[in-house]
Amino acid sequence: MMFGEQIRPGNRGGQGDFKWSDVSADKDRENYLGHSINAPTGRWQKNKDVHWYSREKDGTQDERDAEIRKIKEAEADALAVALGFAPAAKTEDAGSAQNEDGGADKEREEKRRRKAERKEEKRVKKEQRRLEREARRSSRSRSPVRRHHDERREHTSRRSPERYGSLERERERDRDRRRWDNNIARQRPARS
């Protein structure tokens, strides 16, 4: 019992006596709706803000509207691409009209330029490594080619088709028949 002993049957405590901290200590805490948020238990919840999603965010209504509009535009573009259409043309919005001085645009352009430079440097380094690997591979000594490979292992079936004649095919069939007959003879029970 969360509140100790019942005073009389049917009385489970009043609204004034209810505390979420009592629910978190109760063994039947899973029976309460909202127990995972309002009565957190465990090490990971300690000193954590479990209500982070419902807190008020800083910013004006215009900023929120602009963010929602950008998200909707991105979703519409993604849907258009998924359906095989070209993405919609970007419209001039209030957010970009506020940047008349172009300071943010210059920063973005500079970031794009630096990113393109880094990407090109990375591509050049990768190409150099590939060329070095090929040079090492060509200068590396290989193990010697085996001589008389086919003559030593005549029973193998991995021969080239031009060397695999009808005589060899017949020999292989005879050999397989003998193996088959021997296996069957071994599997038969002995007669007494």
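For region 70-89, give me each residue that is part of a helix (DSSP H, G or I) and touching a helix residue (DSSP H, G or I) at 6+ places or on another chain (Cβ under 9 Å).
Lys70, the sole residue that qualifies.
For region 2-44, give me the residue count where each residue is on the phi < 0 side of the Ramachandran plot and at pLDDT below 70.
Total satisfying the criteria: 11.
Could you go through region 45-53 and let me know if any residue there is at pLDDT 80 or above and over 30 Å from Pro87 (Cα atoms).
Checked against the condition, which is being at pLDDT 80 or above and over 30 Å from Pro87 (Cα atoms), region 45-53 yields no hits at all.
Looking for whichever is at pLDDT 90 or above, surrounded by 10 or more Cβ atoms within 10 Å (Cβ to Cβ) and in a helix (DSSP H, G or I) here; the options are Ala66, Ala135. Which one fits?
The match here is Ala66.
The values are calculated or read from the model by the stated rules, or taken from the named source; none is laboratory data. Remember, predicted model here, so these are calculated numbers, not experimental data. Methodologically, a virtual Cβ is constructed for each residue, glycine included, from the backbone with ideal geometry; neighbour enumeration extends over all protein chains shown.
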